[in-house]
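Structure first, then comments.
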Amino acid sequence: MKSKLLAFAFLTAAMLSLPAVMSVAFPLSEPVDNPKKGILIASFGSSMPEGEAAINAVADAVRAAYPGVETRVSYTSRIIMRKLAREQNRTVDEPAVALAKMAYEGFTDVVVMSTHIIPGAEYDDLASVVDGFRAISGSAPKAGFRFIALSSPLLSNARDFERMAGVISDTYEEQAKKGAVVFVGHGTHHFADAAYSALQMALWRRSPNFLIGTIEGMPSYDDVLARLRASKVKNVWIAPAMLVAGDHAHNDIAGDEPDSWKSGLGQAGYKVTPILSGLGQDKAVQNLLLDKLREAWDGAKQ
Ligand code: CO
């Protein structure tokens, strides 16, 4: 009797020392033939409510498409996660932490859904994390998963450029008849920056009035301005070619400061109309992301 009490006290003490979030259900000994599927959305993140709206819209679309599968959201930017913790007292997990928790809670099949636009440095890092969990799963299945897969970014291959160009040219068809529509992507030093130029080519097949620019890569602001000057347009719409309309969209693209795209193009004589909506809020783009997710699930089944 005494030893039973001791064992009970020991167990209780052990359970109390676990982090609250992990104390729910963690059947580590659950057989693998009792599958538990999960989706982990991986986004750069945003500290602005307007930005988070796009990420939430993507999460809602995934939950509607996979009602029986638990869908969680992770952020890859530690700067944003720290800002949320400091200013809003909120915790969002980064992918490695979120995946460790899912393994601990007994998820067997997990697809990590990239919401990245291009396969750049952020995506490479995410792929490394997923590769790490795949390696764990191979040697220590209980610490990992039966299946783990990662979906590819929106602009990963020639078919993607065509599909994305089709989606955004449909959305902005009317504007393109009255002027230029400039999509501003993030841009990067990474070779994947070339995806923006490929998207530009695909967009030009639809209209010469669709222009792609980037904040940190190629094509640049000057490239876009040169194209506008070579055309006869007077009206310019600028929209973020980013998942969220967050800090970059509100400041670098559409801000009132003299160095924003809106101010620069206004100074250059154009009538500028900013569109403050992230790609993640576009239903057609959500469907492209869902196609990527489905492809990743299919890969996991093999
Ligand atoms: Co940035």
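Cross-link pairs exceeding 27 Å in C-alpha to C-alpha distance, out of 178/262; 177/292; 83/142, comprise 177/292; 83/142. Here r is the Cβ-Cβ distance between residue 124 and residue 34 and R0 is 30 Å; the resulting FRET efficiency, rounded to 0.05, is 0.30.
Placing unit charges on the Cβ atoms only, positive for Lys and Arg and negative for Asp and Glu, gives the chain a dipole magnitude near 500 debye about its Cα centre. The modelled label-to-label distance between residue 222 and residue 78, using points 7 Å beyond Cα along the C-beta direction, is 3.5 nm.
If you take the Cα Rg of the stretch 71-126 and divide it by 2.2 N^0.38 Å, with N the number of residues, what do you get?
Numbers: Rg = 12.5 Å, N = 56, 2.2 N^0.38 = 10.2 Å.
Cα-based Rg divided by the globular estimate yields 1.23.
Note on the chain: Cα convex hull, mean projected area over all directions, 18.4 nm². What the Cα atoms of the stretch 126-284 give is an Rg and a Dmax of 18.5, 63 Å. Placing a pseudo-label 7 Å from each Cα along the Cα-to-Cβ vector at residue 97 and residue 157 gives an inter-label distance of 3.5 nm.
Packing-wise, with mean Cβ within 10 Å as the measure, how do 234-245, 123-134 rank, highest first?
Values: 234-245: 23.0, 123-134: 16.7.
Packing proxy ranking, top to bottom: 234-245, 123-134.
Between helix 283-301 and the chain there is an angle of about 40 degrees, using the helix long axis and the longest principal axis of the Cα atoms.
Against the compact-protein benchmark of 2.2 N^0.38 Å, the Cα-based radius of gyration of the stretch 190-263 scales to 1.10.
Give me the net charge of residue 162's neighbourhood, meaning all other residues with Cβ under 15 Å from the Cβ of residue 162; Lys, Arg count +1, Asp, Glu -1. With Lys, Arg at +1 and Asp, Glu at -1, the neighbours total +2.
A 1.4 Å probe, protein heavy atoms only, puts the accessible area of residue 139 near 100 Å². Each distinct pair of alpha carbons in the stretch 67-164 adds a 1/r term; the inverse of their mean, the Kirkwood radius, is 14.7 Å. Counting only alpha carbon atoms, the long axis of helix 49-65 and the longest principal axis of the chain meet at about 60°. Candidates 54, 158, 253 compared by Cα position along the dipole of the chain: farthest toward the positive end lies 54, with charges placed on Cβ.
Run the numbers on the chain and let me know its relative contact order in percent, using alpha-carbon pairs under 8 Å that are six or more apart. Present the calculation step by step, with values, prior to reporting the outcome.
Values: 516 pairs, mean separation 54.2, N = 302.
Answer for the chain is 18 percent.
Note on residue 89 and residue 283: the extension gain reaches 66.8 nm, defined as 0.36 nm multiplied by sequence separation minus the Cα-Cα distance.
The values are calculated or read from the model by the stated rules, or taken from the named source; none is laboratory data. All of these numbers come straight from a predicted model, not from anything done at the bench. Glycine also receives a Cβ, built like all others from the backbone with ideal geometry; neighbour counts cover every protein chain displayed. Note: accessible area is taken over every heavy atom of the protein model, side chains too, but ligands, DNA and RNA are not part of it. Shrake-Rupley method; radii C 1.70, N 1.55, O 1.52, S 1.80 Å.
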